[in-house]
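These notes concern the structure reproduced below.
Nothing in this text is a laboratory measurement; each read-out follows from the coordinates by a stated rule. Since we're looking at a predicted model, the values are computed, not measured. FYI the Cβ positions are ideal-geometry reconstructions off the backbone, even for glycines, and counts take in every protein chain you see.
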Amino acid sequence: MAEPSTGVVVMTTGALGVTAASLFPGVDLNAVVGAFGGALFFIVFKQNISPIARAGYLIASWVFGYYVAVEMLGRKWTATSGLASFLGGLLCTVICVSLLEWGQGGRAPGWLRFILNRRGGPND
């Protein structure tokens with residue numbers, strides 16, 4: 001279970017990030033909030049990550065989720081940015097964590113094995 005101070009730090013970071021983003025004209029706050037939610041969703045449920053790693057994953061996937069939403073809007077794949085940024089932030093964290101665990105000697109992620117098997121690559 002996470003310590004209460006970790007939750008306070010995450011919520012403070014989110015509030016400060018959204019507030020800072022609202023000061024800049026042209027920033028899509030819907031995408032900012034959606035990306036934060038997507039990044040936070042995985043970070044909260046992943047148990048065996050250090051607090052420093054959690055903060056790094058949170059910030060990286062928050063930024064990535066925002067850019068995914070902007071790209072999807074630019075290509076007219078979606079009409080709103082909230083869900084696109086949520087999924088972008090969530091998928092960024094899932095992909096990065098699974099690749100890092102694989103690189104540290106773990107088993108290849110299931111999604112990567114699926115892709116490699118369909119392309120005729122190795123199983124592990």
Qualifying residue in the stretch 91-102 (condition: closer than 21 Å to Val18 by Cα, crowded, with 21+ Cβ neighbours inside 10 Å, in contact with a Phe, Trp or Tyr (Cβ under 7 Å, 6 or more places away or on another chain) and not hydroxyl-bearing (Ser, Thr, Tyr)): yes
Those residues of the stretch 33-72 which are in contact (Cβ under 8 Å) with a residue 40 or more places away in the chain, over 17 Å from Thr12 (Cα atoms) and in a helix (DSSP H, G or I), in sequence order: Phe42, Ala69, Val70
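Yes/no matrix, rows are residues, columns are (1) among the aliphatic types (A, V, I, L, M); (2) touching a Cys at 6+ places or on another chain (Cβ under 9 Å):
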position	(1), (2)
Thr19	no, no
Ser22	no, no
Leu29	yes, no
Ala39	yes, yes
Arg54	no, no
Met72	yes, no
Leu91	yes, no
Trp111	no, no
Gly120	no, no
Condition broken by Thr80, with the remaining ones in (1) outside any helix (DSSP H, G or I); (2) of a type outside the set (D, E, K, R); (3) farther than 30 Å from Val9 by Cα satisfied: (3)
